[in-house]
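Beneath this line is the structure, given in structure tokens, with notes to follow.
The values are calculated or read from the model by the stated rules, or taken from the named source; none is laboratory data. What you are looking at is a predicted structure, and each value in this text was computed from that prediction instead of being measured. Reconstructed Cβ throughout: ideal geometry from the backbone, glycine too, with neighbour counts over all protein chains shown.
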Amino acid sequence: MRKLLKGLFYVVAVCAILIGIGRLLLFKVWTIPDDPVLNASISPTLASGDVVLVLTRGERGFGDLVRCTDPEDGQRWIVGRISGDAGDTVAVNENGILTVNGRRYDTQESCKDGTYTVAHPVSGHPETLQCGRVELADSWHMKGTVPGKPIPPYEHKVGEGRFFLLSDDRTYHDDSRDYGAVPKETCKDMIAVRLWSKEGISDVEHRFTGIR
């Protein structure tokens, strides 16, 4: 019995050490802050209060959802999807459709629920958005837009050493259309997994979900 307990102790100790090393070298756990602008811009993929796993090592590229230092406020994080690299010409039209170097990344199909609700980043009033799935970088992600509300067309050629970030919420965005392309070195963190939502681990629909 003592040998069994001793063995279990060593297993737990080794696991704890490995997790500690992993957190130190590979990933961080981050709770998305209660920020109305951030909350709207990351919908429908994520929401304020979500506890996520952020990978801190590796190269970041097209289609990754990354956490970056806000270029206008060094104490704040921004979250966006890499939608353009150095030399790329990125455009977003009035329907929120992304075009990179002439290639369109349009909605392929609606999300399972079709629509979702998010608080307006300024008024706080609930807004209903359409949810669609977009094929991007051999994967897909969810995109939100307000039906019937045109989005100001935007085009930008990405400069050297920078990423163009695009919010998954194309209408209530907080991305490179607002502050320009950002330095690559400020976007080292990739959001990989949602551990659970603000409702906790009992929220079955939103726990342990991979982030596309």
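With the requirement that a residue be surrounded by fewer than 19 Cβ atoms within 10 Å (Cβ to Cβ), among the small types (Gly, Ala, Ser) and over 18 Å from residue 163 (Cα atoms), what does region 76-116 give you?
Hits for region 76-116 are 110, 114.
Could you check, for region 64-79, whether at least one of its residues is modelled with pLDDT of 95 or more, assigned by TED's automatic domain parsing to the domain that holds residue 143 and at positive phi?
no
Can you find even one residue in region 172-184 that is among the aliphatic types (A, V, I, L, M), over 15 Å from the mean Cα position of the chain (by Cα) and modelled with pLDDT of 95 or more?
Restricting attention to region 172-184, the residues satisfying the condition of being among the aliphatic types (A, V, I, L, M) are 181-182.
Restricting the remaining residues to those that are over 15 Å from the mean Cα position of the chain (by Cα) gives 181-182.
Cutting the leftovers down to modelled with pLDDT of 95 or more gives us 181-182.
Yes.
When residues of region 50-70 are filtered for being under 24 Å from residue 153 (Cβ atoms) and surrounded by fewer than 17 Cβ atoms within 10 Å (Cβ to Cβ), how many remain?
Selection size over region 50-70: 1.
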